[in-house]
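*Asks:* Attaching a single structure in structure tokens format; questions to follow.
The values are calculated or read from the model by the stated rules, or taken from the named source; none is laboratory data. Computed from a predicted structure; not experimentally measured. Quick reminder, even Gly has a Cβ in these numbers, built from the backbone with ideal geometry, and neighbours come from all protein chains shown.
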Amino acid sequence: MPIFQDAKGKNISNFQKMIDEKKNTIRKYYDEIGHLYYGQYKDVNVDMTKDINARCESISNLYIEIEELNVKILRERGLKKCAVCSTENNLSNAFCFKCGARFDDSDAIPADVIAPPNASATPSRKENKVATPVETAVAETVVAGDVIDASDAQEIAEEGKEE
Ligand SMILES: [Zn+2]
């Protein structure tokens, strides 16, 4: 086993671990829902609706949290997913190279979101780079030009599709 592991790989494996734990919790809730529902079926005087619904809500939240962790893993790999066509794009892309949808970078999750709460005193990377409209327009033009010959991104996306 390598003693040295780069920070990126460490973050990714931490996120993956959190995803696995959440998946285990989801399985546990599904199991409990089954038991609760059966208890209700066996005894008409028992109403487990509240307990069942609470677990259903928890499961929905866990799925959202898993999706957020998947986004963080992608970010560690320098990628982001198009909200329209789900194609993986380079983080720097302003538009999806596949379908042309614009990336709303406001919903990009900064990597330091996972830092402990007291770390929020330091300004986030996003606040540091507030581009003027002119800068944004220039950046988009450059990125749009890159998109056409972004064979790297294309390859990555195609690999992802072969499932
Ligand atoms: Zn797209």
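*Asks:* Does LYS98 qualify as being in contact with a strand residue (DSSP E or B) (Cβ under 6 Å, 6 or more places away or on another chain), among the basic types (Lys, Arg), at pLDDT 95 or above and not in a helix (DSSP H, G or I)? Give the steps one after another, and end with the answer.
*Replies:* On the way: in contact with a strand residue (DSSP E or B) (Cβ under 6 Å, 6 or more places away or on another chain): no; among the basic types (Lys, Arg): yes; at pLDDT 95 or above: yes; not in a helix (DSSP H, G or I): yes.
Considered against the rule, which asks whether it is in contact with a strand residue (DSSP E or B) (Cβ under 6 Å, 6 or more places away or on another chain), among the basic types (Lys, Arg), at pLDDT 95 or above and not in a helix (DSSP H, G or I), LYS98 comes out as no.
*Asks:* If you scan the stretch 78-92, which residues turn out to be within 10 Å of the ligand (Cβ to nearest atom) and either touching a Lys or Arg at 6+ places or on another chain (Cβ under 7 Å) or in a loop (DSSP other than H, G, I, E, B) (or both)? Give the derivation first.
*Replies:* So in the stretch 78-92, the residues within 10 Å of the ligand (Cβ to nearest atom) come out as 81-89.
Within the stretch 78-92, CYS82, ALA83, VAL84, CYS85, SER86, THR87, GLU88, ASN89 qualify.
*Asks:* Okay, next question. Looking at (1) within 16 Å of the ligand (Cβ to nearest atom); (2) part of a helix (DSSP H, G or I), find the lone condition where TYR37 falls short.
*Replies:* The number of the failed condition is (1).
*Asks:* I've got another one for you. Search the stretch 73-86 for residues that are in contact (Cβ under 8 Å) with a residue 60 or more places away in the chain and under 18 Å from ALA101 (Cα atoms) and pair each with any residue that is assigned to a strand (DSSP E or B) and within 11 Å of the ligand (Cβ to nearest atom) when their beta-carbon atoms are under 9 Å apart and the residues are at least 6 apart or on different chains.
*Replies:* Cβ pairs passing all conditions: LEU79/GLU88; LEU79/ASN89.
*Asks:* What number of residues within the stretch 93-102 satisfy the criterion of being hydrophobic (A, V, I, L, M, F, W, C) and more than 7 Å from the ligand (Cβ to nearest atom)?
*Replies:* Pass one, the stretch 93-102, residues hydrophobic (A, V, I, L, M, F, W, C): 94-97, 99, 101.
Add one more test, that the residue is more than 7 Å from the ligand (Cβ to nearest atom), and what stays is 94-95, 97.
Result for the stretch 93-102: 3.
*Asks:* Let me ask something additional. Give all pairs with beta carbons closer than 9 Å in which a residue from the stretch 46-63 that is touching a residue at least 40 places away in the same chain (Cβ under 8 Å) meets a residue that is assigned to a helix (DSSP H, G or I); count only pairs at least 6 apart in sequence or on separate chains.
*Replies:* That search, which allows pairs on different chains as well, returns LEU62/LYS22; LEU62/LYS23; LEU62/THR25; LEU62/ILE26; LEU62/TYR29.
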